[in-house]
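**Q** Below you will find the structure I want to go over with you.
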Amino acid sequence: MRRLAWFAGAFSGAVFLAVYLLPDWLVPPAGLACIPAALLGLLWKGDRRRRAMLACLGLAAGLLWTGVYGRAVHGPARALAGTEGTISATVSGWPQETAYGSSVLVELRPEEGLPVSTRLYLDNPAPDLRPGDSLTVWAELRLADTIAGEQTDFYYAKGILLAAYAEGEPEVSRPSRPPLRYWPVYTARALEDSVAGAFPGKTAPMVTALITGEDSGLDGGAYAALQRTGLAHVISVSGLHVSFLAGCLSTLLGAWRRRTAVVTIALLFFFAAAVGSTPAVLRAAFMLSMLLLAPLVGREDDPPTSLLAILMLQLAWNPFAAASVSLQLSFSAVAGIYLFTGRLNDRLCALLPAEPKGFWPRLARLAGEFVSASLSTTLGAVVFTTPLTAVYFHSVSLIAPLANLLTLWAFSLAFLGGLAVSLAGLALPALAEVLAVPVSLAVEFIQAVVGALARLPFASVSTHSVYLKLWLLLVYGLVLLYLLWRGERKRPLVPIGLGSAALCGALVLNAAAHTAGRLTVSVLDVGQGLSVALVSGGRTALVDCGGTTAGDPGDTAADYFQALGLGRIDLLILTHYHEDHAGGVPQLLNRLDVGLLVLPDVEEDDPLRAEITGLAAARGVETVFVSENTDVDLGEASLRVYAPLGTGGGNEEGLAVLCTAGDFDALITGDMNSAVEHRLVKYGALPDIELLVAGHHGSKYSTSEELLLAVSPELAVISTGYNTYGHPAPETLERLAAAGCDIYRTDWSGTVTVTAD
């Protein structure tokens, strides 16, 4: 079995190398170069020769296959990209709403070659399309290699190669019955409808996400809370769910090994197809299948070999799946469990009393064994996934072990119970509503625990901090030293203690870096929007809370303050009621306490204003409407809030904020244009400033030469992200450069922090 591991590991490593590092033209030659290297293995003897040859052959096969796949599969897609005309396709998924209409996954049928998986974008919202339908429509074709203006392999990792932008209504023909290959997709939709009918509205989205992976019903706040507590993996149907299902099926089917194995394997792969055949689910289905089949064919299951062989199979099916974050997290978690969980669990169980007598001592040992197993599994899973979450999501959940320990049993009940209820609801809806009651209690428990833990300071910390990055390097250095240590007695408490002490130091230093000066101004990276955090003398303020960041800009702002150990904002100022400046306020109010809310007294009929003021009233937040200039103290700093100076819309009727700490001044002008800036210069008595947060994300109609001459800023920060408005405009950048400003942009630098000593 281990021979296969050497070949499969080398094959998989070669695919990752080809996808991430090697240019396309170099992949086949590199593969060919590995073949002579395999022949050099003949110079060695015994197992060393065999391993070297298998590894070199695996490298050659992985590189050559990636090159062949790129030409045979991606080549036709590249040939179609840039063309337009009438296309024919088969619908392979359910339509989804988008900001400008809807999208649906289809299999494009070119005149020659294999079908190409394509994301089709339509003008109309959610048309009546079903998997198996055939359609024709005029469309423009592009490669699916760009998201928000950035090159990415996100869609390639899913096997989606093209994006088609349609015009007009598609012509649709529907078969009399869905083709067999789409039955799992219809089953998943039927289960989702059954859940919606059986469960209350507050628990149905969570149950749906657990059993089918469809999380669109979860609001952004709920998903962000799961991410902060390290539980987002639970609602992304993964190996955990497959393990629960396999265990339940084995119990129900009994001890007939052959029948149990055959039925369980068939149902596992049907379930995998129903939830979208994600890498994590396929990995778990394959591994459990190998575990069930091993005794039937007279072989022992070897976890490392199984894991590497399954990884090789998935990468052989689609080499670009190497770029899938889901695949990387799934295999990393299992690798960590294999390497660490068993040893850690043995050490923890050794601390429990051996063979206790009496009911309560035995019950206590069983509880201890459950805690030990849950904690060991969680810690094993995060050993290798933590660096990945730090790289991809720029955060590490510190509360994850506790959150998993408290909720894992409830997730198991919610998944298996929700699946049983949804199946019952297909035939007996009334019975399903009754059975849903105890499952709903488990879901409500999860929601309560997750919500409480997510609100704790330091529940999750950002790895943008250099101190947290150094802490991670230290922790993994300690782990490596512990694994390499050859002494008879390893003391795990030593690296654990050192790592914990270093974490405390990193958190203190990170907080001090943002609070040590008289004033810290952080222009948060919220994409195309604005959110500016102010910290001075233990007091905090936030100017605006909006943007197009992934997730919710309210979460971005809340994460910033909670990473400093803060659970409250003393002052929240909104310059105006546009989504890119105020859209994150509802989530921010859910996450943090706010002392005072300051709003412009304009646009009384604006829906966002009504929503914000309603939420503030419900949470007891004092609200002040500004109609004249107002001064506010903020620790060692002071704020002047300028009343609206313009007319004609939210941008012109917005507030401006001047923040002063000693000789340091920072000006935030919101989205005001040059005409309103003229009035601010004329009536605002503006001083020379050190920091200017450029108006309207760098629009050419803001940050006028008149304003720059009046305030002479030394630094300018432009809060911007991917957009189609041309922000920041070249004219604005030229004006700032001519004024002698050092220019920083959040789309290039991320969050920009300026500290005034």
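**Q** Taking the beta-carbon count within 10 Å as an exposure proxy, list Glu369, Glu150, Glu603 from fewest neighbours to most.
**A** Details: Glu369 14, Glu150 9, Glu603 19.
Ascending number of Cβ neighbours within 10 Å: Glu150, Glu369, Glu603.
**Q** Next question. Quick one: plug the Kirkwood hydrodynamic radius of the range 516-756 (C-alpha pairs) into Stokes-Einstein at 20 °C, 1.002 mPa s, and report D in µm²/s. Before the final figure, lay out each step's value.
**A** Working: Rh = 17.4 Å.
Translational D for this selection: 123 µm²/s.
**Q** I'd like the orientation of helix 325-336 relative to the chain: the angle between its Cα long axis and the longest Cα principal axis, in ° from 0 to 90, rounded to 10.
**A** 60
**Q** DSSP loop (so not H, G, I, E, B), at most 15 other Cβ within 10 Å: list which trypsin sites (Lys or Arg not before Pro) in the range 315-360 pass both filters.
**A** Values: sites: Arg343, Arg347, Lys357; in loops: Lys357.
Loop-located and lightly packed - Lys357.
**Q** Continuing with the same structure: Could you estimate the translational diffusion coefficient of the range 567-695 from the Stokes-Einstein equation, with Rh from the Kirkwood formula over C-alpha pairs, at 25 °C and 0.890 mPa s, in whole µm²/s? Intermediate values should be presented prior to the final figure.
**A** Details: Rh = 15.2 Å.
Translational D for this selection: 162 µm²/s.
**Q** Then there is this: Thinking of the range 466-512 as a set of Cα atoms, what percent of all their pairs are more than 11 Å apart? Please list the in-between numbers first.
**A** Details: 720 of 1081 pairs.
Counting pairs separated by more than 11 Å, the tail of P(r) holds 67 percent.
**Q** Let me check I've understood the local charge: for Glu140, count other residues with C-beta under 12 angstrom from its C-beta, Lys and Arg +1, Asp and Glu -1. What total comes out?
**A** On the way: positive: Arg142; negative: Glu84, Glu167.
Net of charged neighbours comes to -1.
**Q** If you don't mind, there's one more thing I want to ask. What is the sum of charges around Gly527, taking Lys and Arg as +1, Asp and Glu as -1, for the other residues whose C-beta is under 9 Å from the C-beta of Gly527?
**A** Spelling it out: positives minus negatives among the neighbours equals -3.
**Q** Given a cut-off of under 8 Å on Cα pairs at least six residues apart, what relative contact order in percent is computed for the range 79-160?
**A** Working: 156 pairs, mean separation 28.2, N = 82.
Value for the range 79-160: 34 percent.
**Q** Hey, another quick one. If you place +1 on the Cβ of every Lys and Arg and -1 on the Cβ of every Asp and Glu, how big does the dipole about the Cα centre of the chain come out, in debye to the nearest 20? Don't skip to the answer; put the middle values down first.
**A** Working: 48 positive and 67 negative charges, 1137 e Å.
Computed charge dipole of the chain: roughly 5460 debye.
**Q** Around Gly201, what is the net charge, scoring Lys/Arg as +1 and Asp/Glu as -1 over all other residues with Cβ under 15 Å from its Cβ? It would help to have the intermediate numbers written out before the result.
**A** Details: positive: Lys202; negative: Glu192, Asp193, Asp219, Glu433, Glu444.
Overall, the nearby charge balance is -4.
**Q** I need the shape label for the range 447-488. Rule: rounded when a/c is under 1.5, else prolate if a/b > b/c, else oblate, with a, b, c from the alpha carbon gyration tensor. Please report the intermediate quantities before stating the final value.
**A** On the way: a/c = 5.57, a/b = 1.92, b/c = 2.90.
Oblate is the answer for the range 447-488, as a/c is 1.5 or above yet b/c matches or exceeds a/b.
**Q** Further question: What is the order of Glu714, Glu214, fewest Cβ neighbours within 10 Å to most? Could you put the intermediate results ahead of the total?
**A** On the way: Glu714 15, Glu214 21.
Exposure proxy ranking, most exposed first: Glu714, Glu214.
**Q** Report the antiparallel proportion of the DSSP beta bridges in the range 81-178 as a percent, rounded to a multiple of 5.
**A** On the way: 31 of 35 bridges.
Percent antiparallel among DSSP bridges in the range 81-178 is about 90.
**Q** I'd like the distance separating the alpha-carbon centroids of the range 368-408 and the range 173-246, in whole Å.
**A** 23
**Q** To test your reading of the geometry: what angle, between 0 and 90 degrees and rounded to tens, separates the Cα axis of helix 674-683 from the longest principal axis of the chain?
**A** The angle comes out at about 50 degrees.
**Q** Give the distance, in whole Å, between the Cα centre of the range 326-354 and the Cα centre of the range 50-77.
**A** Comparing the Cα centres of the range 326-354 and the range 50-77, I get a distance of 33 Å.
**Q** Would you mind ranking Ile496, Ile718 by Cβ crowding within 10 Å, fewest neighbours first?
**A** Ranking Ile496, Ile718 by Cβ neighbours within 10 Å, fewest first, gives Ile496, Ile718.
**Q** Here's something else I'd like to know. With an 8 Å Cα cut-off and a minimum separation of 6 or more residues, compute the relative contact order for the chain in percent.
**A** Values: 1393 pairs, mean separation 62.7, N = 757.
Answer for the chain is 8 percent.
**Q** Another question about this same structure. How are the C-alpha pair distances of the range 2-78 spread across 10 Å bins, as whole percents from the shortest bin up?
**A** Histogram of Cα-Cα distances, whole percents per bin: 22, 46, 24, 7, 1.
**Q** Round to the nearest 10 and give me the degree value, 0 to 90, for the angle of helix 2-20's Cα axis relative to the longest principal axis of the chain.
**A** With rounding to tens, the tilt is 30 degrees.
**Q** Taking the Cα atoms of the chain, what is the range of coordinates along each of the three principal axes, in descending order and whole Å?
**A** 88, 73, 70
**Q** Next up: At what distance in angstrom do the alpha carbon centres of the range 552-624 and the range 695-757 lie from each other?
**A** Computed from Cα coordinates, the inter-centre distance equals 25 Å.
Taken together, the values in this text are just the output of simple stated rules run on the coordinates, not laboratory data. Values in this document were obtained by computation on a predicted structure and should not be read as measured data. With ideal geometry, Cβ positions are generated from the backbone for all residues, glycine too; neighbour counts draw on all protein chains shown.
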